[in-house]
Amino acid sequence: MPMLTVENLMASYGVVRALHGISLEVNEGELVALLGVNGAGKSTTLKSITGVLRPVKGTITFLGKEITNRTPEFIVKQGISLVPEGRDIFGQLTVEENLRLGAFVSYERDRYKADLKEIFELFPILEERFTQAGGLLSGGEQQMLAIARAMMAHPKLLMLDEPSLGLSPTMTDQIFVLIKRLREMGSTILLVEQNAERALEIVERAYLLGNGEVEFAGTAEDLKHKVDIASVYFGGDDAQKAGVTL
Amino acid sequence: MSLLSRFMTFSRQHATLPLLMVPVIIAGIAINAFGSSLLLNVYTYFCVSLIMVLGLQMFMGNSGILNWTHIGFVGVGAYAAGILSTAPAVKHMGVPNMFPALVSLHMPVIPAILVGGLVAALLAAIIGYPLMRLSDFVGVITLFATLIVFHVIMTQWDNVTNGPRTFFGVQEFTTLWVALAGGLIAMVVAYWFRESGLGLRLRASRDDRYAAMSVGIDVVRVRYYSFVTSALMAGLAGGVWAHFITSFSPKAFYISEMFLLLSMIVIGGSGSISGAVAGTTVVTIARELLRQVEGTINNAHVLSFEVFGLTEAVMAVLMILVLIWRPGGVVGGQELRWPLFKRKEPGATKEAEDAA
């Protein structure tokens, strides 16, 4: 049985329908990507899974339990952590406080200290900046803090919303190396990316969204070969005529 | 970890409290020894204000929601404690229409103050939940409207508050030392609250409500608990104040008094305990000086009209200036730290500079 199952999910912002029935699955230990252009419905799907947005229709099942329409707090406690788009860290709180908030889902002092050590091994910069306000960190450091904060909760499923957004190429490389490493350590990850090419290098399976629907689902290899990604990103045949390739 | 290094870490982390408390205590001892009775009163009033402002800081400073109702809870605590601690005979005379059941209630001052705090907290618990669902200006306006409701009830409920007339005959209990003890306890509680899990969650929700939800914080519930705790502190402050001033009317728990509390917390910086204490100090001193100036001008009869409202006007201007130049308040969002205990990590130096 898959860890996360989303069935026929429909969601809207007011009268604007953003998702027209999306279905997807994530199995335990998998690294799955959700790809698509701006407005395809990637973030909306994540918002619905985390309970921040109430879907109009459809069901979301996590570890055999239905979590549709539950509060975000409940869903976090079930073991789903989201690293939001634009690295929603708490800028006025210190790095330490940010990490502690991540650990609050099931706080134990000793485990918190042990977890901190682990986090510092993965992200040495956070130890250096431990007492500094989160807002004073650079973009890449904030992204690391956001991922570290989500990991402090020991999520069963980690969801990353556009972790490379607005980062320098070097920083993007580092983040992707890190995601790969988390995957190797046994985390289950749902990765949302616009940068399809980069994402397909590290994921096993991917879903390609377009206009609120799943346009393609399959392994990363399949997606690379069978689907003309350029046409998806640059508007179909016109793109091919113009000679755009990825 | 050795005992010594543990102690060093602890004192480094929590140096803020002694840093704030020691000057306040020294000032208290000095004023008690050398000060005039006016200065003694000003200082006692300062300590009582500290309890009110720190109570306000607990909710408003950590949640970012401007809580106009705060002074209303101070009033509830003041009336409740006053009614409980005043002898039946005195109440019979002072508040002729009081409910007989209330007239017969009588208890010593300290339990009366504690019950007053609990009454305020209970009231906050009853009305708070729907209010805490509101954010930003909607929340502020609703809390402001709630203060008006409180005020109307206090001025109209003859059988409890003596209506708009003065409620008098409360025993004098709050000496300089009682007020100082209250102020110090308030500092410890507010500091502890800010650093506690609840305070941290509340600060996170202030920083970014949606990010807070996504790490599993129930924003409404966290605000609710904090609102009730803050009202408890307000109620206790009201009881202490009532036994200092001994006679008061609903006027004391309304917009102009609330404005003074707000100016204290805004000028100092609502984000930290240090800011609240600094703001209370500055505003108390400025207010006293302005009052003297006002009195001098009026007594000299140099102007063809009476000068009044100088305090409020100057406080308002001061508040605007602070908001323009240092929106976070004079102290800002970080607590004061002892420079000697500056951490050696490269990250910490900037923070220490910011705090200084």
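Looking at A:Glu96, A:Glu127, A:Glu162, just one residue is modelled with pLDDT of 85 or more and at positive phi, and that residue is A:Glu162. If you go through the range A:85-106 and keep only what is surrounded by fewer than 19 Cβ atoms within 10 Å (Cβ to Cβ) and either more than 7 Å from chain B (Cβ to nearest Cβ) or assigned to a strand (DSSP E or B) (or both), you end up with A:Glu85, A:Gly86, A:Glu96, A:Ser106. Of a type outside the set (Asp, Glu), surrounded by fewer than 24 Cβ atoms within 10 Å (Cβ to Cβ), modelled with pLDDT of 90 or more and assigned to a helix (DSSP H, G or I): is that true of B:Met264 in this structure? Judged against the criteria, B:Met264 is not a match. Considering the conditions (1) farther than 15 Å from B:Ala276 by Cβ; (2) within 14 Å of another protein chain (Cβ to nearest Cβ), B:Glu195 is excluded by exactly one of them, (1).
Here the range A:133-147 is the region considered, the condition is being within 13 Å of chain B (Cβ to nearest Cβ) and either in contact with a Gly (Cβ under 7 Å, 6 or more places away or on another chain) or acidic (Asp, Glu) (or both), and the residue that is surrounded by the fewest Cβ atoms within 10 Å (Cβ to Cβ) is A:Gly135. Out of curiosity, is B:Ser11 touching a helix residue (DSSP H, G or I) at 6+ places or on another chain (Cβ under 9 Å), among the small types (Gly, Ala, Ser), open to solvent by less than 80 Å² (accessible area, probe 1.4 Å) and part of a helix (DSSP H, G or I)? Judged against the criteria, B:Ser11 is a match. Inspect all residues belonging to the range A:27-36 and state whether any of them is among the acidic types (Asp, Glu), within 14 Å of the chain's Cα centre (by Cα) and more than 14 Å from every other protein chain (Cβ to nearest Cβ). Yes, the conditions are met somewhere in the range A:27-36.
Residues satisfying the criterion are present in the range B:277-293 (criterion: under 22 Å from B:Ala181 (Cβ atoms) and more than 14 Å from the chain's Cα centre (by Cα)).
Are any of the residues in the range A:49-70 away from every other protein chain (no Cβ under 14 Å), at positive phi and part of a strand (DSSP E or B)? Yes. For the range B:268-301, the tally of residues that are surrounded by 15 or more Cβ atoms within 10 Å (Cβ to Cβ), of a type in the set (A, V, I, L, M, F, W, C) and within 15 Å of B:Cys47 (Cα to Cα) stands at 6.
Of all residues in the range B:141-151, none are assigned to a loop (DSSP other than H, G, I, E, B), in contact (Cβ under 8 Å) with a residue 24 or more places away in the chain and open to solvent by 10 Å² or more (accessible area, probe 1.4 Å).
Number of residues in the range A:172-203 that are touching a residue at least 60 places away in the same chain (Cβ under 8 Å) and either farther than 15 Å from A:Ile147 by Cβ or assigned to a strand (DSSP E or B) (or both): the value is 12.
Matching residues to (1) polar (S, T, N, Q); (2) modelled with pLDDT of 90 or more:
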{"residue": "B:Pro164", "(1), (2)": "no, no"}
{"residue": "B:Thr174", "(1), (2)": "yes, no"}
{"residue": "B:Val178", "(1), (2)": "no, yes"}
{"residue": "B:Leu184", "(1), (2)": "no, yes"}
{"residue": "B:Asp207", "(1), (2)": "no, no"}
{"residue": "B:Tyr210", "(1), (2)": "no, no"}
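It is to be established whether one or more residues within the range A:109-120 are touching a Leu at 6+ places or on another chain (Cβ under 8 Å), in a helix (DSSP H, G or I) and of a type in the set (Val, Ile, Thr). Yes, the range A:109-120 contains at least one residue that is touching a Leu at 6+ places or on another chain (Cβ under 8 Å), in a helix (DSSP H, G or I) and of a type in the set (Val, Ile, Thr). Looking at this structure, is A:Phe130 aromatic (Phe, Trp, Tyr), within 14 Å of chain B (Cβ to nearest Cβ), over 22 Å from A:Lys42 (Cβ atoms) and not in a helix (DSSP H, G or I)? Spelling it out, A:Phe130 is indeed aromatic (Phe, Trp, Tyr), within 14 Å of chain B (Cβ to nearest Cβ), over 22 Å from A:Lys42 (Cβ atoms) and not in a helix (DSSP H, G or I). Is it the case that some residue within the range B:90-102 is free of Cβ contacts under 8 Å to residues at least 24 places away in the same chain and outside any helix (DSSP H, G or I)? Within the range B:90-102, one or more residues are free of Cβ contacts under 8 Å to residues at least 24 places away in the same chain and outside any helix (DSSP H, G or I).
Taking the criterion of being of a type in the set (Asp, Glu) and open to solvent by less than 60 Å² (accessible area, probe 1.4 Å), the residues of the range A:154-200 that qualify are A:Asp161, A:Glu162, A:Glu193. Of the residues making up the range A:21-48, those that are part of a helix (DSSP H, G or I) and either in contact with a Cys (Cβ under 9 Å, 6 or more places away or on another chain) or open to solvent by less than 40 Å² (accessible area, probe 1.4 Å) (or both) are A:Lys42, A:Ser43, A:Thr44, A:Thr45, A:Leu46, A:Ser48. Screening the candidates B:Ser214, B:Ser205 for the property of being within 14 Å of another protein chain (Cβ to nearest Cβ), touching a strand residue (DSSP E or B) at 6+ places or on another chain (Cβ under 6 Å) and crowded, with 23+ Cβ neighbours inside 10 Å yields one hit, B:Ser214. Could you check the range A:71-82 and list, in sequence order, the residues that are more than 9 Å from chain B (Cβ to nearest Cβ) and not in a loop (DSSP other than H, G, I, E, B)? If the condition is that a residue be more than 9 Å from chain B (Cβ to nearest Cβ) and not in a loop (DSSP other than H, G, I, E, B), then A:Gln78, A:Ile80 are the ones that fit.
Taken as a whole, the range B:242-249 holds at least one residue that is surrounded by 24 or more Cβ atoms within 10 Å (Cβ to Cβ), under 28 Å from B:Gln171 (Cα atoms), in contact (Cβ under 8 Å) with a residue 60 or more places away in the chain and touching a strand residue (DSSP E or B) at 6+ places or on another chain (Cβ under 8 Å).
The values are calculated or read from the model by the stated rules, or taken from the named source; none is laboratory data. Given the structure is predicted, the values throughout are model-derived calculations rather than measurements. Don't worry about glycine lacking a Cβ; one is built from the backbone with ideal geometry, like all the others, and counts go over all protein chains shown. For the accessible areas, the whole protein counts, side chains as well, though only heavy atoms, and no ligand, DNA or RNA atoms are used. Shrake-Rupley method; radii C 1.70, N 1.55, O 1.52, S 1.80 Å.
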